Amino acid sequence: MPAKSAKLAKNGKAAKRVNKTTEASKLLRQLDKSGLTTAAVAEKLNVNWYTVYRWSRGHHDPHPGTLARLRALLVTPADTSIPS
């Protein structure tokens, strides 16, 4: 029997990866439209770029304090740093 590359759910069917829409993913879409890259957002929030990517896909949610700093990026000029 050939090896299957897809993970199977308990019912034996291939599990689907569902991307949920979160407040963080909505904010990141707005930041993307304003011209900030994933790497730039990560640098401003002092997190890894892959962490921002996971937030944008709805795989994880940022901590409440980080979410507040993410919100602040929308109202803060791009050249101003966000307090830690």
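Taking the number of Cβ atoms within 10 Å of each Cβ as an exposure proxy, the fewest-first ranking of 69, 57 is 57, 69.
Each label point was placed 7 Å from the Cα along the Cα-to-Cβ direction; for residue 43 and residue 71 their separation is 2.6 nm.
Neighbour counts of other Cβ atoms within 10 Å put 44, 20 in the fewest-to-most order 20, 44. Taken one residue at a time, the phi angles of the range 59-69 give Karplus couplings (6.51, -1.76, 1.60, θ = phi - 60°) of 6, 9, 10, x, 4, x, x, 5, 5, 5, 5 Hz. Gly and Pro are set to x.
Normalised by residue count, the range 23-75 yields a Cα convex hull volume of 63 Å³ per residue.
Each value in this text was obtained by applying a stated rule to the coordinates, not by laboratory testing. Quick caveat, the model's predicted, so the values are computed rather than measured. Heads up, the Cβs are rebuilt from the backbone with ideal geometry, glycines too, and the neighbour counts pull from every protein chain shown.
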